[in-house]
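Visitor: My questions all concern the structure below.
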Amino acid sequence: TESIINSLSLETVCPDIKTVALNGVTNTKRLVSLCSDYNFKGLLILALDNDPVGKTTSELLKQELDDLKINCTINTLINSIGDGKCNDINEALTEHKEKLKSNMKYFTEQYQYILDKMNLRSDELEIG
């Protein structure tokens, strides 16, 4: 996520997941560096804000991670909330909690399917 508030909001909805807060889109290079340095082998699910900066940053970050052969995908968890105008996970939690929970359940099932296909353990599921 872009912020600690969004990470905490996501963990509120789904306490079993691990989140990473970038604390701003300017810290994407640090995330890429850490994943590379520690030879990360799990799956990163990018859940940045649903605004132009968040969307662009998600695409650029995904490309960098793909180039390093780090498994990642861009999450669309909040795209259908509030007619697509919901800006971030915290806003979704505070204004559309039931829809966020429903979306989270669906996406968790889909990511588990991806993990199974990749032969990864479910405790390697990372949303960041």
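Visitor: Kindly state, to the nearest 0.05, the FRET efficiency for residue 8 paired with residue 116, given R0 = 35 Å and r defined as their beta-carbon distance. Don't skip to the end; give the middle numbers.
Guide: On the way: r = 28 Å, r/R0 = 0.81.
The calculated FRET efficiency here is 0.80.
Visitor: Now for a separate question. Ordered by packing density, taken as the mean number of other Cβ atoms within 10 Å over each peptide's residues, highest first, how do 53-63, 106-116 rank?
Guide: 53-63, 106-116
Visitor: Using modelled backbone amide H atoms (1.01 Å from N, in-plane), which distant-in-sequence or interchain residues come within less than 5 Å of residue 48's amide H?
Guide: Result for residue 48 returns 75.
Visitor: Here is a further query. Suppose every K and R has +1 on its Cβ and every D and E has -1 on its Cβ; what is the size of the dipole of the chain about the Cα centre, in Debye to the nearest 20?
Guide: On the way: 14 positive and 20 negative charges, 35 e Å.
Dipole magnitude for the chain comes out near 160 debye.
Visitor: I've got another one for you. Calculate what fraction, in whole %, of the accessible area of the chain sits on carbon and sulfur atoms when a 1.4 Å probe is rolled over the protein chains. Please report the intermediate quantities before stating the final value.
Guide: Values: 3650 of 7230 Å².
About 51 percent, which is the carbon plus sulfur part of the accessible surface.
Visitor: Here's another thing I want to ask about it. Using only Cα atoms, tell me the angle between helix 4-13 and the longest principal axis of the chain; keep it within 0 to 90° and round to the nearest 10.
Guide: 70
Visitor: Which of 75, 50, 39 ends up with the largest GNM mean-square fluctuation for the chain, with Cα atoms connected below 10 Å?
Guide: 39
Visitor: Tell me the per residue accessible area of the chain using a 1.4 Å probe; a whole number in Å² is fine.
Guide: On the way: 7230 Å² over 128 residues.
That works out to 56 Å² for each residue.
The values are calculated or read from the model by the stated rules, or taken from the named source; none is laboratory data. This one's a predicted model, so the numbers in the text were calculated from it and none came from an experiment. Positions of Cβ are generated from backbone atoms using ideal geometry, with glycine treated the same way; all protein chains shown enter the neighbour counts. To get the accessible areas, we keep the full protein, side chains included, count just its heavy atoms, and leave off ligands, DNA and RNA. Shrake-Rupley method; radii C 1.70, N 1.55, O 1.52, S 1.80 Å.
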